[in-house]
Amino acid sequence: MPSIATAAGLVEYQENGTGTPLLVLHGTPGGSDQGMVAAGVLGVDARVIAPSRPGYLGTPLSTGRTPREQADAMVALLDELEVQHVIVVGLSGGGMTAAALAAGHPTRVQGLVLWSTVTAPLRIPVWPLLYGPLARRSTTDALLKRLHRSPRILVGRAADERTTRAALAIAQTVFPIENRRDGIANDAAQARRFDSGFLPAITAPALLVHGTSDRNVPYSQATHAVQSLPNARLITVPGANHWTTPADRAAQAALADFVEKHTGTAPRAG
């Protein structure tokens, strides 16, 4: 996967497609691979730019630790790619950076999408990933095989085949852990002390999507955020969890409409 030297430091990224630039910020754990897979699941016709946030895969943690520093790094990447305006999609733990980007660089952000994201202080249980059995590749390989045999563990009993395939594809990009450890530990530290007080200052239109049965990032995170953001809409996916929400057809349609509506609009200065 290519890496590029930016004013903030080295950033690894993947890119595909044409049209509206869509900056996809992966979750915890994740990487540029997750951003690309998630964009495919969400089904948006766009120019997808999927970086590895600092601490993940080929992007060193020194490129940016805090959400604001990571937001600056993402803008530095856009500068190198000569991309002026984007719609930012934050996934799960990547929502902290996505929101910070919209707040700190309003002239670059045409729209903000927060998909099952962290938008308030949250304790992420990363010990099993960093120090427990899941830190070993042999264990994670066995887990992925088990999930493919028994996907209900991940998606529940009600999920259809399409939703199951999408969830398994995204889950595959959580591992291996060893080249994502720095990012996981940093995300957990940032989430514990995340200050959401800047949300009301975000001027970009925002779309939030969240499942009511999300155990990874509680649904209350979305209800809090939509009340704080001045120009936001919340799409609630009843009964969906962290893994099944991305494949929801109504949520995908809302995202497609959001991208189409805000493509080419001039971001407001803040």
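For the chain, a simple Cβ point-charge model (Lys and Arg +1, Asp and Glu -1, everything else neutral) yields a dipole of about 900 debye relative to the Cα centre.
Restricting everything to alpha-carbon atoms, can you work out Rg to Rh for the stretch 171-268 with a Kirkwood hydrodynamic radius? It would help to have the intermediate numbers written out before the result.
Working: Rg = 15.5 Å, Rh = 15.5 Å.
Dividing the radius of gyration by the Kirkwood radius yields 1.00.
Here the Karplus curve 6.51 cos²θ - 1.76 cosθ + 1.60, taken at θ = phi - 60°, turns the phi angles of the stretch 228-243 into couplings of 8, 7, x, 9, 9, 10, 10, 9, 8, 10, x, x, 7, 9, 4, 9 Hz, with x standing for Gly and Pro. Which residues in the stretch 14-29 have a backbone N closer than 14 Å to a point placed 7 Å from the Cα of residue 4 along the Cα-to-Cβ line? Output list for this probe position: 14-17, 21-24.
Mind ranking 15-22, 29-36 by how tightly packed they are, going by the mean number of other C-beta atoms within 10 angstrom, highest first? Walk me through the intermediate numbers first.
Numbers: 15-22: 16.4, 29-36: 26.0.
Descending packing order for the listed peptides: 29-36, 15-22.
Counting beta carbons within 10 Å around each of 127, 115, 243 and listing the fewest first gives the order 127, 243, 115.
In the frame of its principal axes, the stretch 19-163 has Cα extents of 46, 34, 27 Å, reported largest first.
Give me the distance between the Cα centres of the stretch 51-93 and the stretch 200-270, rounded to whole Å. Value for the Cα centre distance between the two parts: 20 Å.
Highest first, please rank the peptides 94-104, 75-85 by the mean number of other Cβ atoms sitting within 10 Å of their residues. All intermediate terms of the calculation are to be shown ahead of the outcome.
Numbers: 94-104: 27.8, 75-85: 16.5.
Averaged packing, sorted descending, gives the order 94-104, 75-85.
Close amide H pairs (under 5 Å, H built 1.01 Å from N) link residue 235 with 208, 209, 210, residues at least 5 positions away or on another chain.
What does the C-alpha gyration tensor say about the overall shape of the stretch 43-111? Classify as rounded when a/c is under 1.5, otherwise prolate if a/b is larger than b/c, or oblate. Because its axes are fairly even, with a/c under 1.5, the stretch 43-111 counts as rounded. Taking a ≥ b ≥ c as the square roots of the eigenvalues of the Cα gyration tensor of the stretch 3-262, is the shape rounded (a/c under 1.5), prolate (a/b larger than b/c) or oblate? Taking the square roots of the gyration eigenvalues as a ≥ b ≥ c, the stretch 3-262 is rounded.
Out of 250, 21, 76, whose Cα points farthest toward the positive end of the dipole of the chain (charges: +1 Lys, Arg; -1 Asp, Glu; placed on Cβ)? Positive-most Cα among the choices belongs to 250.
Calculation over all alpha carbon pairs of the stretch 83-232 in 5 angstrom steps from 0 returns a P(r) of 2, 9, 16, 18, 18, 16, 12, 7, 3, 0 percent. When 12, 260, 178 are sorted by how many other C-beta atoms sit within 10 angstrom of their C-beta, beginning with the fewest, the order is 178, 260, 12.
Rule-based calculations on the coordinates, nothing more; no lab input. Keep in mind it's a predicted model, so treat the numbers as computed, not measured. With ideal geometry, Cβ positions are generated from the backbone for all residues, glycine too; neighbour counts draw on all protein chains shown.
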